[in-house]
Amino acid sequence: MKKLFAVTAAIALLCLGALAQAITIDTVPVGNPGNAGELSGSGAGGYGPDRVCGSVGYAYNIGKYEVTAGQYTDFLNKVARTDTYGLYNTKMDTAVHEFGCNIKRSGSPGSYTYSVAADWANRPVNFVSYWDSCRFANWLHNGQPTGLQDLTTTEDGTYLINDYNSSDGRTIQRKGGWQWAVTSEDEWYKAAYYKGGSTSAGYWDYPTSSDSMPSNDLGNPTDPGNNATYYSNGYTIGSPYYRTEVGAHENSDSAYATFDQGGNVWEWNEAIVYQGTDYACRGVRGGSFPDPSGYDLQASDRHGYTIPTSEYQDLGFRVSEVVPEPSSFIALAGGLISLLGIRRRRV
């Protein structure tokens, strides 16, 4: 019995250790389901094809921040020892590209490892394609497993990608029963611009809870707010970082308390904005650090000339999470109690 107890206790510790090693995505709740949308695009005085955006019929959680280089590095170390689908771009390394996010790769196929310095870990990841973003969401959906890039880790989950890595993929859409996803355009838009509080509250023009264009000053805890990371007579911060740490503009959050939906990096969303016979461009929103105009940050600008395989210095992403059912919390708590409540029986 002593051996049985020791083995059981060891399993419990391993399970708790696995939980401790999982990355945390800070999320904020977005309520007021069934809110009215609003026109975005050239017809609203902005850019791109017109669409009514921002109406979401369900409550959801959204990443408080953009996915960071530190979180993406953990993802790579879990599933990219053999990087079958190119989740790593060598331009992420600042030794290769000035605007990289400083994720470095060592080793050879089958034994790759990845690292990022502490002063870069909380800045947004960049040089990621739309498919990279979907594979990251699948990995979260599947419980952050370790292993090859296959149907149990990156190729199925919220999206059935299953080896696809090209410029169309319009049939690859979010499945029912999803847990984590790349934001839809409406989820992204609502979290960025909606004023909240009711289903008819209206929208801000900028994702800093303001109708005035943000400055590109970094700001500080006593600053009244309305700042973002973009280019205006110079970078918000220059070399070597260029991107601010997520949440650095402390008083410039949206009404739902998200940060950096304006500036830092453009963020992929699920919308197909333009399509041709052999391509389907996915949407990007929010502007980025090298853009010389704060207008890219505004609600009326819809951008979508970017094919899903694109990996640029100014491309990153944010994720959405389904609101967990209360029963899932109960089940998780029960499982942990069972693990921690193991007692040796008398013999």
Here is a list of conditions, (1) touching a residue at least 40 places away in the same chain (Cβ under 8 Å); (2) within 20 Å of residue 266 (Cβ to Cβ), and residue 209 meets all of them except one; can you say which number that is? (2)
Filter the stretch 47-63 down to the residues that are under 19 Å from the mean Cα position of the chain (by Cα) and surrounded by fewer than 20 Cβ atoms within 10 Å (Cβ to Cβ) and list them by number. 59
Considering only residues of the stretch 105-144 that are in contact with a strand residue (DSSP E or B) (Cβ under 7 Å, 6 or more places away or on another chain) and more than 18 Å from residue 316 (Cβ to Cβ), which is surrounded by the most Cβ atoms within 10 Å (Cβ to Cβ)? 141
Between a first residue in the stretch 163-183 that is in contact (Cβ under 8 Å) with a residue 12 or more places away in the chain and a second residue that is surrounded by fewer than 13 Cβ atoms within 10 Å (Cβ to Cβ), which pairs have beta carbons less than 6 Å apart while being 6 or more apart in sequence or on different chains? 168/278
Do the conditions hold for residue 148, that is, is it over 17 Å from residue 88 (Cβ atoms), more than 14 Å from the chain's Cα centre (by Cα) and assigned to a loop (DSSP other than H, G, I, E, B)? no
Within the stretch 87-100, the residues that are surrounded by 15 or more Cβ atoms within 10 Å (Cβ to Cβ) and either closer than 16 Å to residue 290 by Cα or touching a residue at least 24 places away in the same chain (Cβ under 8 Å) (or both) are 87, 88, 89, 91, 92, 94, 97, 99, 100
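One line per residue, one yes/no per condition, for (1) aliphatic (A, V, I, L, M); (2) assigned to a loop (DSSP other than H, G, I, E, B); (3) within 29 Å of residue 191 (Cα to Cα); (4) touching a residue at least 60 places away in the same chain (Cβ under 8 Å):
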| residue | (1), (2), (3), (4) |
| --- | --- |
| 72 | no, no, yes, yes |
| 114 | no, no, no, no |
| 120 | no, yes, yes, yes |
| 127 | no, yes, yes, yes |
| 137 | yes, no, yes, yes |
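Listed here are the residues, each with its yes/no results for (1) closer than 28 Å to residue 70 by Cβ; (2) crowded, with 24+ Cβ neighbours inside 10 Å; (3) more than 24 Å from the chain's Cα centre (by Cα).
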| residue | (1), (2), (3) |
| --- | --- |
| 197 | no, no, yes |
| 202 | no, no, yes |
| 228 | yes, yes, no |
| 240 | yes, no, no |
| 245 | yes, no, no |
| 249 | yes, yes, no |
| 253 | yes, no, no |
| 260 | yes, yes, no |
| 288 | yes, yes, no |
Any residue in the stretch 272-284 that is on the phi < 0 side of the Ramachandran plot, in contact with a Pro (Cβ under 8 Å, 6 or more places away or on another chain) and free of Cβ contacts under 8 Å to residues at least 60 places away in the same chain? yes
Of the residues that sit in the stretch 177-215 and are modelled with pLDDT of 95 or more and part of a strand (DSSP E or B), which one is nearest to residue 230 (Cα to Cα)? 206
Working carefully through the options 307, 330, find the one that is under 27 Å from residue 158 (Cα atoms) and modelled with pLDDT under 70. 330
Restricting to the stretch 20-36, count the residues that are assigned to a loop (DSSP other than H, G, I, E, B) and among the β-branched types (Val, Ile, Thr). 3
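The values are calculated or read from the model by the stated rules, or taken from the named source; none is laboratory data. What you are looking at is a predicted structure, and each value in this text was computed from that prediction instead of being measured. Cβ sites come from the backbone with ideal geometry, for glycine too, and all protein chains shown count toward neighbours.
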